[in-house]
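Below is one structure; the comments refer to it alone.
The values are calculated or read from the model by the stated rules, or taken from the named source; none is laboratory data. Source: prediction; values computed, not measured. Cβ placement follows ideal geometry from the backbone for every residue including glycine, while neighbour counts extend to all protein chains displayed.
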Amino acid sequence: MSGQKRIALLLCDTPIPDVVSTDGDYTAIFSTLLRNALPKGADVDFTVDPYDVRNKLEYPASIDDYDALMLTGSAASAYENLEWINRLVEYVREVALTKPQVKIFGICFGHQIVARALGGECVPNGRNWEVGVTEVSLTPLGQQLLGVPAINIQQMHRDHVPATPPSFHLLGSTSIAPNQGMVRFRDAASEGPESSASSSTSAKRAQDVHIFTVQGHPEFTTRIVDKIVRARESTGVLTAQIAEDARRRANWRNDGVDVVGKFLWEALGVIA
């Protein structure tokens with residue numbers, strides 16, 4: 001399928017300087033993810049327009065100009081009572097409820113913000129960090145939509161979404177974080193508040209998805225995660241044990257591009 005796709009990228013943080021020096025800011029990092037996830041020969045142009053929602057409270061003048069809204073990760077906690085976070089939650093809720101034609105993609109912190117905006121919550125997960133490439137067990141719906149039995153994805157979080165908000169369907173889990181990803185379909189308004197992956201989802205496809213979120217980081221590469229782990233270990237945010245365990249798994253298969261990135265294009269109708 002050919003065409004032009006425009007994505008509004010809501011910047012919820014800035015990468016650490018060591019990452020910026022090699023991989024660029026989040027606009028560059030997410031653009032690389034999307035570019036690498038496109039199949040060879042795909043006749044599509046795309047633009048990623050950044051909006052600094054954290055430091056400048058920037059938002060699109062008209063969300064109708066975009067095919068999708070994407071929220072990045074952040075070192076902040078989605079449950080904090082801060083002006084920029086509260087405004088972001090309200091904005092996502094408004095877009096989700098009034099602009100069904102605009103896809104919403106939430107990554108890590110973005111996943112948590114979407115949950116808050118639409119009836120769920122984000123909470124601390126004790127001292128339980130998930131860092132580095134991690135295997136996520138997929139639900140039957142997750143397997144159906146993503147086309148694989150399980151995925152490996154880079155992680156960098158301690159806060160999590162403990163349950164699936166109303167009208168959302170769970171995609172996958174780990175032993176540490178039960179909600180590793182979720183979707184809300186375009187016909188969610190007609191679903192009951194406790195709807196789950198049932199016969200009503202048996203024929204659903206990626207293009208039927210209105211909102212897609214993941215707790216992990218499909219945009220993170222081995223190099224990016226290594227730099228973040230080293231920085232957080234040096235300041236004591238991550239223990240030496242957690243850092244070493246993440247390095248042990250550094251060479252595991254990473255499905256961020258080939259599975260999750262591909263699904264983003266499927267949801268946008270670029271890939272059949």
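Summary table
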quantity: Residue within segment 30-49 that is touching a helix residue (DSSP H, G or I) at 6+ places or on another chain (Cβ under 9 Å), in a strand (DSSP E or B), modelled with pLDDT of 95 or more and buried (at least 23 other Cβ atoms within 10 Å of the Cβ) present; calculated: no
quantity: Per-region count, segment 60-72, residues part of a loop (DSSP other than H, G, I, E, B) and among the acidic types (D, E); calculated: 1
quantity: Which numbered condition G126 misses (of (1) more than 19 Å from G73 (Cα to Cα); (2) assigned to a loop (DSSP other than H, G, I, E, B); (3) touching a residue at least 40 places away in the same chain (Cβ under 8 Å); (4) not acidic (D, E)); calculated: (3)
quantity: Only one of A75, A115, A96 that is among the small types (G, A, S) and either surrounded by fewer than 19 Cβ atoms within 10 Å (Cβ to Cβ) or assigned to a strand (DSSP E or B) (or both); calculated: A75
quantity: Qualifying residues in segment 212-231 (those that are part of a helix (DSSP H, G or I) and aliphatic (A, V, I, L, M)) - the one nearest to G172 (Cα to Cα); calculated: V225
quantity: Residue check, A163 surrounded by fewer than 24 Cβ atoms within 10 Å (Cβ to Cβ) and not in a loop (DSSP other than H, G, I, E, B); calculated: no
quantity: Top-ranked residue in segment 125-138 [being out of contact with any helix residue (DSSP H, G or I) (no Cβ under 6 Å at 6 or more places or on another chain), closer than 14 Å to Q215 by Cβ and not small (G, A, S); ranked as surrounded by the fewest Cβ atoms within 10 Å (Cβ to Cβ)]; calculated: N128
